[in-house]
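Have a look at the structure below, then the notes.
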Amino acid sequence: MIRDLYNVRTLPGTGEDDGVPPLTDEEERRYRALLFTELGNEIADTGQARYPAYTPQDRRRLVDVAHRLTAHWGQEVRVEAEDLTRVRLYLAVRSVGTS
């Protein structure tokens, strides 16, 4: 479903040139916890998750989530930039020799 937005204006101080204020420590902690849960569930279900990452801070946050998931599961979660705006987190598959 496509929705048209009417009478939508950007707020002062939230444009690209103005810079977006960083999250507070509490907001950052809650956001990372949300990503850990949501992306972790998706990776557990499908083996991978894709998530938008528009800024270097977004990418650092996703790398940190991948490290936390790796420590939590004991199985490596890798991070791969798909393009300028999307990052893929996935389980590293270890090949087992057939000797």
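The values are calculated or read from the model by the stated rules, or taken from the named source; none is laboratory data. What you see is a predicted model; the values in this text were computed from it and never measured. Positions of Cβ are generated from backbone atoms using ideal geometry, with glycine treated the same way; all protein chains shown enter the neighbour counts. Note: accessible area is taken over every heavy atom of the protein model, side chains too, but ligands, DNA and RNA are not part of it. Shrake-Rupley method; radii C 1.70, N 1.55, O 1.52, S 1.80 Å.
Numerical summary
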| item | result |
| --- | --- |
| Which of 62, 34 is most accessible, then next, and so on - probe 1.4 Å | 34, 62 |
| Residue 76 long-range amide H proximity, modeled H, under 5 Å | 92 |
| Inter-label distance for residue 63 and residue 41, nm, one decimal - labels placed 7 Å from Cα along Cα-to-Cβ | 2.8 nm |
